[in-house]
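Please read the structure below before turning to the comments.
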Amino acid sequence: MFKTIRLIIYLALVLIFIIMGILVYRAYFGSRSGGLKIDNTAIMVEEIKKISQLFTTTYYDELVLDTFKLISKTPGERLLDAMTIMRPGVSASNGMNYMNYRRQEMVVIARGRVYSGFDFSRLQESDLHIDDRSITFQLPPAEVLDVIINPSDYEIFIEEGRWSLEEAVSLKQSAANLMEKRAIEMGILEQSETTAIGLLYNFFKALGFEQITIISRLEDPYEPEIFVPAPGIE
Amino acid sequence: MIALSGSIKRSDAICNQLFRNFRMMTAMHFKKIRLLIIFLVPLFMLPSYSCSFFKKEKESINVIHQIQEMSEMATVEFVVSKVVQVNDVPDWYKIGDRKLLISTKARIKAGTNMKEIGEEDIEISGNSIELRIPHARVINLNMDPESIQEEYSRTGFFRRSFTNEERYGFLVQAEKEIYESIPQMGVLNRANAHSVAFFESWLRAMGFEQVHVVVKPMEKEAKQP
């Protein structure tokens, strides 16, 4: 009789523990199963700008970046370490980590686009010269106009421990800078020149010009001014 | 002498016995002590999470890259802002709540695809010209990383703090909402007006006196976004 009552009490306790475990788990990890709601907020137009940028090239890239930080171990962790060493068969010489810090990693996958082209607002009157049926046009220097890694292009692959939004954003900024550098190395600016020359040549030709000269100048301090004749120049 | 060696041996035996007893006790209670410490460890671990002192960023592993041509003349840029407001859905089993406010800005550029201007779209007669340009379209939407800021965050003691995976999940939704609201902002109409102004001034600079730039209606299948 006594044994049966004890068994029932044990079973009841186990059941209570299971229920409590489920509740704590749901409260703690509830957000992953949609425990949060995003309120509908207004989108404010802050500024409307008149621009004249000719986009001629897009560079698509995907990068995997990782970063880590060392966190000082808590007294509890240090105690756990000490206990592990105390275990039979474990000694200090078998690779135990005695450091006072542990490593926390964040790995992200960033997919982005680098846009390059020309800012026509930098054009001056002297850049366009027309003489009857001939036109000479000096392109402004090709430049990277936008590097875009939007939140939908950014995947947090591993996130150990606590990382602030600023840290994640800073890693994203690094990815953007690296992407821009790689795009320039891949020749995005030279490609922009080629595309723009072809495009403007066809446009000027459609406007009735017979002799078309397009001069390009890459903004590189080590390179002299480059003269690129229009394709099929007459 | 013999008596002295005998007493030393006895004391050795006592020491050995005591040591053996201690080891046995330790072995017996080892599991209990370990269990106790396992329960206590989380209590020690609660504070000092944010004590990071060293960070290092590693170079990336390259995965993919591709260059593509385009011919878009961007004539308008809209800067919009949005506050992402995240609240907890109340539930009876939740102790404490989670709240988050992130402010963000997006730059939307729109303009005309110059490749779609063909010879058939240009009519010249003497010093007058009529140019038909395609309807403006969105070129890109850029949520600048520098503009993303966490304004406010609160998590109850019994609740998990927000991860960046969650934060970026909310930002993805904000990005989608901004993209979907582009038609209501009048971005394309403004881009059309600016494109007309841009081409008119360009054509005048090229020597045409009478300039007429017309925007072609948007094709149904090319409607954006």
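No lab work stands behind these numbers, since they all come straight from the coordinates. Values in this document were obtained by computation on a predicted structure and should not be read as measured data. Every residue, glycine as well, gets a Cβ built from its backbone with ideal geometry; the counts of neighbours run over all protein chains shown.
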inquiry  = So, R0 is 30 Å and r is the distance between the beta-carbons of B:Glu209 and A:Lys50; what FRET efficiency does that work out to, to 0.05?
reply    = 0.80
query = Running Debye on the range B:116-198 with equal point scatterers at the Cα sites and no solvent, what base-10 log of I(q)/I(0) appears at q = 0.12, 0.18, 0.22, 0.27 Å⁻¹?
reply = -0.61, -0.93, -1.12, -1.33
remark   = With A:Asp153 itself left out, Lys, Arg at +1 and Asp, Glu at -1 over residues whose Cβ is under 14 Å from its Cβ give -2
ask   = By how many nm would the segment from B:Ala197 to B:Glu69 lengthen if fully extended, with 0.36 nm per residue of separation less the alpha-carbon distance?
value = 43.6 nm
key: Extension gain from A:Lys181 to A:Ile38, taking 0.36 nm per residue of separation minus the Cα-Cα distance   = 47.9 nm
query = How much length is gained on full extension from B:Glu123 to B:Glu177, taking 0.36 nm per residue of separation minus their Cα-Cα distance?
reply = 15.3 nm
inquiry  = Loop only by DSSP, 11 or fewer other Cβ within 10 Å of the Cβ. Give me the GluC sites (Glu not before Pro) in the range A:159-195 that pass, ordered by residue number.
reply    = none
task = With a cut-off of at most 12 other beta carbons within 10 Å, and DSSP calling the residue loop, which chymotrypsin sites (Phe, Trp or Tyr not before Pro) in the range B:154-220 qualify? Please list them.
result = B:Phe157, B:Phe158
Relative pair counts by distance (%), Cα atoms of the range B:70-157, 10 Å bins = 14, 24, 20, 15, 12, 8, 4, 1, 0
inquiry  = How high is the relative contact order of the range B:100-177? Use alpha-carbon pairs under 8 Å, at least six apart in sequence, and give a whole percent.
reply    = 39 percent
remark   = XL table A:Lys37/B:Lys105; A:Lys172/B:Lys109; A:Lys50/B:Lys216; A:Lys37/B:Lys109; A:Lys50/B:Lys99; A:Lys37/A:Lys172; Cα-Cα > 28 Å flagged, in table order, is A:Lys37/B:Lys109; A:Lys50/B:Lys99
remark   = Residues other than B:Phe78 with Cβ under 15 Å of its Cβ, Lys/Arg counted +1 and Asp/Glu -1, net out at 0
request  = Grab the alpha carbons of the range B:72-222, take their convex hull, and tell me the volume per residue in Å³.
outcome  = 132 Å³
key: Under Karplus coefficients 6.51, -1.76 and 1.60, residue-wise ³J(HN,Hα) of the range A:141-153 in Hz, glycine/proline x   = x, 5, 8, 7, 8, 8, 10, 10, 10, 7, x, 6, 9
note = Fewest-first ordering of A:Thr84, A:Thr74 by Cβ atoms within 10 Å yields A:Thr84, A:Thr74
Taking B:His212, B:His194 and counting other C-beta atoms within 10 Å, the order from fewest to most = B:His212, B:His194
ask   = What GluC sites (Glu not before Pro) in the range B:150-216 are in a loop by DSSP, with at most 14 other Cβ atoms within 10 Å of the Cβ?
value = B:Glu209
